[in-house]
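My questions all concern the structure below.
Read-outs throughout are calculated quantities, based only on the coordinates presented, and are distinct from any laboratory measurement. The model shown is predicted, which means the values in this text are computed figures rather than measured ones. Please note: Cβ atoms are built from the backbone with ideal geometry, for glycine as well, and neighbour counts cover all protein chains shown.
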Amino acid sequence: MNKHHDTTGPTDDQQQITLRGPAELADALPYMMGYHPTDSIVMVALHGDRGRFGGRLRLGIPRSPREWPPVAEQLAECLIEGCERRGSRPDGIVVFLCQDPAEGETGRRVMERLRPLAQRLRTACGTLDVPVYEALCISDGRFWSYCCPDTRCCPPDGNPLALPGTSVMAAAAAYAGIQVRGSLRDMEERLRPWPYGKATATEQLQALDTAGAALVPRILDQDGRDTVRVETIELAERLVRRLADGPRVMDPAAADAQDDALIGHDEAASVILGLQDRETRDRAAEWMEGEQAAPALRLWRALARRCVGAYVEHSAAPLTLAGWVAWSTGDEPSARVALGLALEVDPEYVFARLLHQACNEGLDPESLRRCLRQERDARAAAEARAGSEPQSATGPQAATGPQAATGPQGGAGTTAGSGAPTAPGARSSSVARTASGTRTASGARVGSAARVSLSVRKAGRRRTRLRPVRQPAADRGAPTPRPGTVGPEGGAAPSRLRAARRSGGRGTRSGR
């Protein structure tokens, strides 16, 4: 089950469409969500006599029926209170339960198995004096109504869904330019680590072990950390440019395969480990708009897929960056999926929690973009005052010259004995130019990762925080426990790297 709510508020510029009956409601669901919500509870608020659509909420269906009563109560409370914060209490609610049949199971059997959950949701909403007007089960290309007892319109075997692109909602969505991005499962698959046993996954795991043994001790050392920050950003910039220069592929699976082929295992490992530093991650978050955004999003997705085996928790950073870029560029459904996966991997990853809340509350990402632009401008100004050459002040697209891509495995030079790629001809003075700020002559750092989190906190301060629904420990499907050491003998313990990541490398725990 996904442990975090996805809530969505209504927009003022949506085209008005009249839906009549359960069939049109079922056909409209993917267009309301932006994807087909597999294995999900979806609740949609209705307002006024005509049943205007309001806020929407999605949660993964809990695996254990023991969880259904408390989950139903919390979802009803969350949706109703969220609508009230946005202006008005809903007059009714529509519930969707979406789940594909298991092997040997029929859609009708799924409907019957989920009937108690539907009843719990109806009761929970009714207890708060908001009736459920319709509750539908969607499974195996058919739908059933839990509210209609008339077998003439709602037969026991259900009704077939309309063919894709033939419903009233499909026509209106095409006219309005609304895109359905496939199923939730498909969207998650683009972000999940390569499966264990795949040859490339084994090679990537070995590269992560090797990079961990070389980089982790440097990250845990203040002087070494500054150098790693510079190296990580420079390498990530080269990868972004390499992806931007590649041919454009429309099919998502083929596009991901092409991106995977353009990134070497050693390169991916170095950037993944470097992004565990909070300031490096926040510097990378500046690639959020314009021509930088699309290739940066592809890079973060590709890196999330490379966090294989015991390194799955490392995917929280690239997943959060993928969610941030998607949200910044207006793709809220993809942003929620990426941020939800980041929180699934690490529920305490603060940057993901803040972005997830801000996205769900309908806040404008421009406030955070403005903050990141200010960070970039302040860093460039400090570098100019210090008499040093600005380092990629405008992001990957500004870099030229000898740092051009040299192929999937080549990239650029490597610091002797470190295993961390660096720019050709890099000078020792570049250590002063850190990934998130610049040290002035007095030693003060211009820019701070804390401002990134503060921007989101300020934007959402007046809103009530959504409480995550937590599963019992036995049902969470927690990531595979890490081994005691990373890499060959003498490698640093991963717990030390996690401590550095959570504290920003300063010895105290702070927002990530």
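Using a basic spin-label model with each label point 7 Å from the Cα along Cα→Cβ, how many nm lie between Asp377 and Ala199?
5.2 nm
How do the peptides 190-199, 354-363, 69-78 rank, highest first, by the average count of neighbouring beta carbon atoms within 10 Å per residue?
Packing proxy ranking, top to bottom: 354-363, 69-78, 190-199.
For Gly54, list long-range residues whose amide hydrogen, built 1.01 Å from N in the peptide plane, is under 5 Å from its own amide hydrogen.
Those lying under 5 Å, H to H, from Gly54 are Ala45, Leu46, His47.
Distance from the Cα centre of region 49-81 to that of region 85-104, in angstrom?
6 Å
Using 0.36 nm per residue, how much length does the chain from Asp49 to Cys147 gain when fully extended, once their Cα-Cα distance is taken away?
Result for the pair: 33.3 nm of gain on full extension.
Give the calculated FRET efficiency between Glu103 and Leu220 to the nearest 0.05, with a Förster radius of 45 Å applied to their Cβ-Cβ distance.
0.45
How many nm separate the modelled label positions at Arg385 and Gln179, each set 7 Å beyond the Cα in the direction of the Cβ?
Label at Arg385, label at Gln179, 4.2 nm between them.
Follow-up question, since we're still on this one. Expressed in nm to one decimal, what extension gain is obtained for the pair Ala254 and Asp157 from 0.36 nm per residue of sequence separation less their Cα-Cα distance?
Once the chain is fully extended between Ala254 and Asp157, it gains 31.2 nm.
Right, next: Using the alpha-carbon centroid of each, what span in Å lies between region 278-306 and region 176-249?
Taking the Cα centre of region 176-249 as reference, the centre of region 278-306 is 9 Å away.
Turning to a different aspect of this structure: Highest first, please rank the peptides 319-327, 122-130 by the mean number of other Cβ atoms sitting within 10 Å of their residues.
319-327, 122-130
How much length is gained on full extension from Arg85 to Glu291, taking 0.36 nm per residue of separation minus their Cα-Cα distance?
Stretched out fully, the Arg85 to Glu291 stretch lengthens by 70.6 nm.
Separation of region 136-160 and region 319-382 by C-alpha centroid, Å?
Here the two parts' Cα centres lie 39 Å apart.
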